[in-house]
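**Student:** Pasting a structure below so you can have a look.
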Ligand SMILES: Cc1cc2nc3c(=O)[nH]c(=O)nc-3n(C[C@H](O)[C@H](O)[C@H](O)COP(=O)(O)OP(=O)(O)OC[C@H]3O[C@@H](n4cnc5c(N)ncnc54)[C@H](O)[C@@H]3O)c2cc1C
Ligand SMILES: Nc1ncnc2c1ncn2[C@@H]1O[C@H](COP(=O)(O)O)[C@@H](O)[C@H]1O
């Protein structure tokens, strides 16, 4: 084992994922502790373009038609070769639609311990967020080479960005003939709906809505406020609102002036994309709901009672 | 088509979560166990596929409090076999240990597909599906929201942020981590579950000695300390509404 820190660069359609910069920032701080280098590992894509602002000492680039688009199978194979060859101290990636699965496969394949949901590693200790953001756990960073799947929160994106492009080193193409998954095509989300990313006022509804019929109350409130309704995952999974209205890790990032979060617990998958909101007001019957950690104001009342009362109060205020 | 669906129970986050005396884990006496939500979607996806093209659906779950209810509910939806994995889980179970325990059981079943939830909210050592796939030497795709089988291949719809999806083709057998089924998990009335309880049986398989390696050791667990907590607006609903309006006005948004 040497003391270098690998960071898997996650990119989709020519864009590096924010979490990659967060992981690079973590890697920089970890490398200071270990005395190693930060090495960004980039598969496929336009290496010059994608690595121009990565805060890394070096970029290891591997190019192959099989790596042109992400599949877990191909990425895990390519990364297996590099880890075996260079034996880094730690391999960081995002706990995302890409990193989470690559990390799992590699942990089983290489016998490397895996820390997922990791917020930060400092002074030989990791901290991670679990149970929908309701619990933090801490522990010693294992002494052997380790895989880490990062979530946002410990470092800012800008901390993982550099003004100067790192040196790019091209690594030989590994044998990828055994890859069992083939990328076919991207399918765009359905269009035609309002764009929640540009709304000034958003009324977000979560599982607290209880029933699709209650959506009317939220629509009425949004209309009174001159905003739109968006939702957490369970609401979309139930088919009460289309995916275009989904806020979160698998949905969209929002940055309204006002986000009224109603009956939303504040799971990390939701909250990681609402931090751009200027003001969050949360309504939740559970005083321990993590959403209250992010909100400026909160109220512990039933959203089903509040929505009609608030619509009425807003209309009055506007009329008077 | 044989579909194996390993599922897990997780703490219900609606209940208050209490840290035990060790300061390292949840107080199990206070936890209410429910099926992990993505696992519920995995069951639904398996049932949808069985309804479309026939086959057998086998549900596997470690023996946590309430597991029988979870298994019988799956049977009421249409699952064919229910398997409870018994073992000493009191001193902890992690994804690596469970995946290792599942590997020989699933291998013996010789499935065409393994569908499981893409993650559990309390996991600290990766997704069970990815680990199990590798232990079984099968390919893995996670964040799956659609599956269609064509011969010895499956066309998978994988979710990316923003509603973007990727279509991928995978050779079978494969392990898939489901994030959402093609339609929302169906509701089964308690009466139907009760009826199924009379006719279905739960098989038991022993997990053997658990190998917990692969996960980091937790030395402390605590609720997050937040720098700032929301200022709480108190009073009756109408008072709260009036105060919220005042805040919005102050922001110049009304
Ligand atoms: C791979 C993956 C990706 C995900 N991506 C996303 C994503 O993009 N976006 C997303 O939102 N989630 C996502 N999730 C799901 C996420 O983990 C949470 O499960 C989800 O955000 C919870 O939604 P919720 O807050 O509405 O529901 P819950 O967590 O069930 O919370 C409901 C809240 O409503 C409160 N409540 C109940 N009744 C009332 C009432 N009458 N009045 C007021 N409050 C009430 C409860 O106290 C509770 O806090 C993802 C999960 C996975 C596994
Ligand atoms: N993560 C876990 N670690 C240990 N035990 C668990 C866990 N999850 C569930 N259990 C089970 O929770 C049950 C609670 O105890 P009891 O109420 O006696 O059934 C025990 O059977 C444990 O096996």
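**Student:** Considering only residues that are in contact with a strand residue (DSSP E or B) (Cβ under 7 Å, 6 or more places away or on another chain) and part of a loop (DSSP other than H, G, I, E, B), look in segment B:1-17 and name the one that is surrounded by the fewest Cβ atoms within 10 Å (Cβ to Cβ). I'd like the intermediate steps shown before the answer.
**Tutor:** Here is the first cut: in segment B:1-17, the residues in contact with a strand residue (DSSP E or B) (Cβ under 7 Å, 6 or more places away or on another chain) are B:1-12, B:17.
Going one step further and asking which of them are part of a loop (DSSP other than H, G, I, E, B), we end up with B:1, B:7-8, B:12, B:17.
Numbers: B:1: 16, B:7: 25, B:8: 24, B:12: 13, B:17: 20.
My answer is B:12.
Let's see how each residue does on (1) within 13 Å of chain A (Cβ to nearest Cβ); (2) more than 16 Å from ligand 1 (Cβ to nearest atom):
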{"position": "B:18", "(1), (2)": "yes, yes"}
{"position": "B:21", "(1), (2)": "no, yes"}
{"position": "B:24", "(1), (2)": "yes, yes"}
{"position": "B:35", "(1), (2)": "no, no"}
{"position": "B:39", "(1), (2)": "no, no"}
{"position": "B:46", "(1), (2)": "no, yes"}
{"position": "B:53", "(1), (2)": "no, yes"}
{"position": "B:61", "(1), (2)": "no, yes"}
{"position": "B:66", "(1), (2)": "no, yes"}
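**Student:** Working carefully through the options B:77, B:50, find the one that is away from ligand 2 (no atom under 16 Å from the Cβ), more than 19 Å from the chain's Cα centre (by Cα) and buried (at least 17 other Cβ atoms within 10 Å of the Cβ). Full working, then the answer.
**Tutor:** Numbers: B:77 fails: more than 19 Å from the chain's Cα centre (by Cα).
Just one listed residue meets the conditions, B:50.
**Student:** Take residues that are in contact (Cβ under 8 Å) with a residue 60 or more places away in the chain and tell me which of the strands (runs of 3 or more DSSP E) falling wholly in segment B:140-222 contain 1 or more. Can you show your working first?
**Tutor:** Working: elements: B:140-150, B:153-159, B:165-171, B:174-178, B:202-206, B:218-222.
Per the criteria, B:140-150, B:174-178, B:202-206, B:218-222.
**Student:** I would also like to ask the following. Within segment A:98-114, can you find the residues that are buried (at least 24 other Cβ atoms within 10 Å of the Cβ) and either assigned to a helix (DSSP H, G or I) or touching a residue at least 60 places away in the same chain (Cβ under 8 Å) (or both)? Talk me through it step by step, then tell me what you get.
**Tutor:** Keep residues of segment A:98-114 that are buried (at least 24 other Cβ atoms within 10 Å of the Cβ), which gives A:98-108, A:114.
Of everything in segment A:98-114, those that are buried (at least 24 other Cβ atoms within 10 Å of the Cβ) and either assigned to a helix (DSSP H, G or I) or touching a residue at least 60 places away in the same chain (Cβ under 8 Å) (or both) turn out to be A:98, A:99, A:100, A:101, A:102, A:103, A:104, A:105, A:106, A:107, A:108.
**Student:** Are any residues in segment A:119-145 in a strand (DSSP E or B) and out of contact with any helix residue (DSSP H, G or I) (no Cβ under 8 Å at 6 or more places or on another chain), and if so, which ones?
**Tutor:** In the first step, residues of segment A:119-145 are kept if they are in a strand (DSSP E or B); the result is A:119-122, A:125-130, A:135-140.
Result: A:119, A:125, A:126, A:127, A:128, A:130, A:135, A:136, A:137, A:138, A:139, A:140.
**Student:** Scan segment B:53-74 residue by residue and report those that are more than 20 Å from residue B:192 (Cβ to Cβ) and within 16 Å of ligand 2 (Cβ to nearest atom).
**Tutor:** Passing the criteria: B:60, B:62, B:63, B:64, B:65.
**Student:** I'd like the full set of residues that are under 11 Å from residue B:6 (Cβ atoms) and surrounded by fewer than 23 Cβ atoms within 10 Å (Cβ to Cβ), limited to segment B:86-105.
**Tutor:** B:103, B:105
Since every read-out is calculated from the coordinates, none of them should be taken as a lab result. On a predicted model such as this, the values are computed, not experimentally measured, just so you know. Methodologically, a virtual Cβ is constructed for each residue, glycine included, from the backbone with ideal geometry; neighbour enumeration extends over all protein chains shown.
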